[in-house]
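Reviewing the structure listed below.
The values are calculated or read from the model by the stated rules, or taken from the named source; none is laboratory data. Computed from a prediction, not measured in an experiment: that's the story for all the values here. Cβ: placed from backbone, ideal geometry, glycine included. Neighbour counts: every protein chain shown.
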Amino acid sequence: MAKTVLGGIEVEIDEDGFIQEPEKWNQAIAEDLAKLEQAYPMSDEHWKVVNYLRDYYLKYEIAPPIRMLVKQTGFDLKKIYQLFPSGPAKGACKIAGLPKPTGCV
Amino acid sequence: MDILDLGKDIDVLINIEPEDLIPLPYPYDDPANEPLIKKLTDDQKKRYEASLDGVIAIGIPKPTTKEEEETFVRRFLSGLEKLLSLENNWTFLQPLYHSLEYCVKCQLCNDACPAYIASGRKEIYRPTYRPEILRRIINKYIKKKHPSLLKLTGSDIELNWQLVARLGELAYRCTLCRKCAQVCPLGVDNGLISHEIRKIFSQEMGIAPKELHESGTMQQLKTGSSTGITPKALANIIEFMEEEIEEKTGKKIKIPVDKEGADILLIHNAGEFISWPENTMAFAIIFDAAHIDWTLSSDLAGYDAVNYGVWYDDIQLARIARRHAEIARALKVKKINVGECGHAHKAMIVVADRVLTGELNIPRESALPILADIVLNDRIKLDPSRNNFPVTLHDPCNMVRLMGIVEPQRQILRKICPQFREMEPHGVDNYCCGGGSGFAIMQSMNFPDWRSVVSGRIKLKQILEVFQDVISVDTKKYVCAPCSNCKGQIRDLFAFYNVFERCNILYGGLVELIVNAMVDIKKPFIEWEWR
């Protein structure tokens, strides 16, 4: 496991850049991750997606179904890919500090 | 690649160059535009074993001392010895023994291997290459045959940690599709040998891809699903599915959960709930309309049919298989039906027979024949003209080749898809999607690129070929893949080559097409957008 500096603090990340300590996540970390995922500067629309993912994760310990994300944010998948070019999982979830998606997803 | 070179201390044994790969049809017929496999960073190469082909599947940490190197080899040999003993490997010893002893190296299996052919016939991917390494190690280090005899017959080998590590990675360049076993005149199963090598690494050396073990079987046993879905999250997702069904179809359906004594316990691959909930919704719509007495389970692991143990570890396999059977027994259902998941078919219906005995050996079946019964016997009203676009079928290896479930899915498609067309070859002779045996979920470093460029290449070729006459974006086309794993692989393959944008080919499951044709649903169920 590698360590890196994000948002001014040292954070552990996995091979693919997902942070390993979700409790350390904050806005500054999100913005630094967004720079790596071509989603910077972050607009209100970016934050709407990121905050929704974050809240869902804190409640259910997992990312929501993509379909639920689309419905709850009102953004279609095309829009989500525009905001997060690396996609909802590898982009948006990573920036929101969620662990890397696992299983047959 | 001479097997004697396999232990050499060189950076990388082979490189995969675009010009070596088999050509793809239009519009991917220019090798100059072939997307490349990402190069690993120096840091990754320093930390992990990557000297086979410059690709990392497992991420074996490199030993740092001579002692660590020796321990690595010693543990491998100890695992190999166990693999060859009945008390330690009663599950697979017989077919392993048969495959090791009976191969006459006629090489008939070569043309059956999707990775070997697609790579431009790289020697290390040849289906007989891995088994030969193992055979030589056994002859020299386990059976202790005389060295001069081995030299004389050209079957010598020199064991070191590098060779063992490369063999471990090499066991993850085979999708266990078992097309090689099918064409072998002697029934030798070279896919099984890859599986057995993986078992040594996991069961004896504690080495397995993180996605299969730590976040796979371990997570499933702990939280209920390899996706991380807990019973609490499941309840939320089911509620969401019910809302969505009503919105999309106007039908108010209560999805049955933990219904005691139901005829059928339906278990999906839980990845469907996250990535393709329209599949699990479609099952609910069809079963409701056909008045099937069914239920889902909300018990730990009862809502996730997957059993990644089937790819790399018999002990994990047994733990999960027992869990599934115990849940079905506690619910007093008549049988388990597995949704659209090929590996769950293999693990739960076929391989679990070796570990589920007595009362736990409850009936376990595929959901496909039930769907065929519903569609063919007009138990729901369907209008095929709703599916009037070109459709082809991808056959999941475990359903067709392993289990012989070939016709139900075709009978359905022939009835409800007027433009259904078969890719070649198909049925039991199909090619793997390239994502089998865990590959589709192994998403780390540059492995996803390898499975798009190499192991999935033949599947992409077949799909493009079958739609060649309607390849332009003006015609929407659908690849039906009744398996979550195959869907994940086809999604990644299509994204890698931008197939949806360039050719307007969508992928999805079988039940979605059935619901799309239901006459009492006004709006099209299939939404023509990328996911």
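How many residues are surrounded by 18 or more Cβ atoms within 10 Å (Cβ to Cβ) and either facing another protein chain (nearest Cβ under 7 Å) or farther than 21 Å from A:Glu37 by Cβ (or both) if we restrict to segment A:64-81?
4
Suppose we filter segment B:217-260 for residues that are in contact with a strand residue (DSSP E or B) (Cβ under 9 Å, 6 or more places away or on another chain) and either at the interface with chain A (Cβ under 8 Å from one of its Cβ atoms) or polar (S, T, N, Q) (or both); how many remain?
Taking segment B:217-260 first, the residues in contact with a strand residue (DSSP E or B) (Cβ under 9 Å, 6 or more places away or on another chain) are B:234-235, B:238, B:249, B:255-260.
Narrowing further to those that are either at the interface with chain A (Cβ under 8 Å from one of its Cβ atoms) or polar (S, T, N, Q) (or both): B:249.
Looking only at that region, the number is 1.
From the set of residues in segment A:49-63 that are buried (at least 23 other Cβ atoms within 10 Å of the Cβ) and farther than 21 Å from A:Lys35 by Cα, which is nearest to the other protein chains (Cβ to nearest Cβ)?
Filtering first and then ranking leaves A:Ile62.
Which residue is farthest from B:Tyr312 (Cα to Cα), if the candidates are limited to segment B:197-211 and must be aliphatic (A, V, I, L, M) and surrounded by fewer than 24 Cβ atoms within 10 Å (Cβ to Cβ)? So that I can check it myself, show each step before the final result.
Taking segment B:197-211 first, the residues aliphatic (A, V, I, L, M) are B:197, B:200, B:205, B:207-208.
Next, only the ones that are surrounded by fewer than 24 Cβ atoms within 10 Å (Cβ to Cβ) stay: B:205, B:207.
On the way: B:Met205: 12, B:Ile207: 10 Å.
Among them, the one singled out is B:Met205.
Keeping to segment B:301-328, report how many residues are over 23 Å from the mean Cα position of the chain (by Cα) and touching a residue at least 40 places away in the same chain (Cβ under 8 Å).
Total meeting the criteria: 2.
Yes or no: A:Lys94 closer than 15 Å to A:Gln38 by Cβ, within 13 Å of chain B (Cβ to nearest Cβ) and modelled with pLDDT of 95 or more?
Yes; evaluated as a whole, the condition is true for this residue.
Taking B:Met423, is it closer than 27 Å to B:Val515 by Cα, in contact (Cβ under 8 Å) with a residue 12 or more places away in the chain and not assigned by TED's automatic domain parsing to the domain that holds B:Pro27? Lay out the reasoning, then the answer.
Details: closer than 27 Å to B:Val515 by Cα: yes; in contact (Cβ under 8 Å) with a residue 12 or more places away in the chain: yes; not assigned by TED's automatic domain parsing to the domain that holds B:Pro27: yes.
Against the criterion (closer than 27 Å to B:Val515 by Cα, in contact (Cβ under 8 Å) with a residue 12 or more places away in the chain and not assigned by TED's automatic domain parsing to the domain that holds B:Pro27), B:Met423 qualifies.
Across segment B:84-133, what is the total count of residues that are outside any helix (DSSP H, G or I) and in contact with a Pro (Cβ under 9 Å, 6 or more places away or on another chain)? Break it down into steps so the answer makes sense when it comes.
Taking segment B:84-133 first, the residues outside any helix (DSSP H, G or I) are B:84-92, B:103-107, B:113, B:119-122, B:126-128.
Imposing the further condition that a residue be in contact with a Pro (Cβ under 9 Å, 6 or more places away or on another chain) reduces the set to B:103-104, B:106-107, B:113.
The total comes to 5.
Buried (at least 24 other Cβ atoms within 10 Å of the Cβ), small (Gly, Ala, Ser) and not in a helix (DSSP H, G or I), is that true of B:Gly438?
In short, no.
Go through segment B:139-225 and tell me which helices (runs of 4 or more DSSP H), entirely inside it, have 2 or more residues that are at pLDDT below 95.
Where helices (runs of 4 or more DSSP H) fall fully within segment B:139-225 and carry at least 2 residues being at pLDDT below 95, they are B:147-152.
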